[in-house]
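The values are calculated or read from the model by the stated rules, or taken from the named source; none is laboratory data. Small disclaimer: the values here were computed from a predicted structure and weren't measured. Note that each Cβ is placed from the backbone with ideal geometry, even for glycine, and that neighbours are counted across all protein chains shown. For the accessible areas, the whole protein counts, side chains as well, though only heavy atoms, and no ligand, DNA or RNA atoms are used. Shrake-Rupley method; radii C 1.70, N 1.55, O 1.52, S 1.80 Å.
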Amino acid sequence: MPADLTGTFLTLDDGRPAVRFGRAYDLPADRVWRLLTDPGELAGWFPSRAEMDLRPGGAVRFSGDPNMPESTGTVLAADPPRHLSFEWGGDELRFDLDAADGGRTRLTLTDVLAAENTAARNGAGWEVCLAALDARARGGRPAGPHAGAGPAWREFYDGYVAAGVPSGAPVPGLD
């Protein structure tokens, strides 16, 4: 059975390629914000351990991803609990939170890509990570996206490639 793809490949108004995902959580915005910014919460779903100085220009330190070296990024914008954007590995990650009906919070993640051919690879990675975030938002304690328990990255990747999403970038840990 093919993977259920939730991301959309798009070209932003400024011409940059991106993949975008949307989720709705039965949580208030401040709780979803903590899932996005607290290092202990991020460890359960984000690809790398991330420690952030949550102010524009603040440093973000990434570590613990078995497929990537330690690195740093920069917080581009932070408006708790509504918007966070930062640089990561050449990409710009944007997290937007909006109030939804019934006290729910809508999360939109936009990964603005440094290179178009990373769209299928990154889209598949976010599918796996967001599945872990979804479980965490429901009160679960997933071991993280690299633990192997959860959706298979390859199924998502193959689904994005079959859907015509740009691909071909090297895959850390596989290439």
Which of rounded, prolate, oblate describes the chain, given a ≥ b ≥ c as roots of the alpha-carbon gyration tensor eigenvalues and a/c under 1.5 marking rounded, otherwise prolate only if a/b is larger than b/c?
rounded
Just want to confirm a number: the relative contact order over the range 54-103, from Cα pairs under 8 angstrom separated by 6+ residues, in percent.
26
In whole percent, how big is the carbon plus sulfur part of the accessible area of the range 57-175, probe 1.4 Å, protein atoms only?
49
Tell me whether the range 32-81 comes out rounded, prolate or oblate; compute the Cα gyration tensor, take square roots of the eigenvalues as a ≥ b ≥ c, and use a/c under 1.5 as the rounded threshold.
oblate
Give, rounded to the nearest 20 debye, the magnitude of the charge dipole that the range 37-127 has about its Cα centre when Lys and Arg contribute +1 at Cβ and Asp and Glu contribute -1 at Cβ.
80
Please report, in debye to the nearest 20, how large the charge dipole of the chain is about its Cα centre when each Lys and Arg carries +1 at its beta carbon and each Asp and Glu carries -1 there.
400
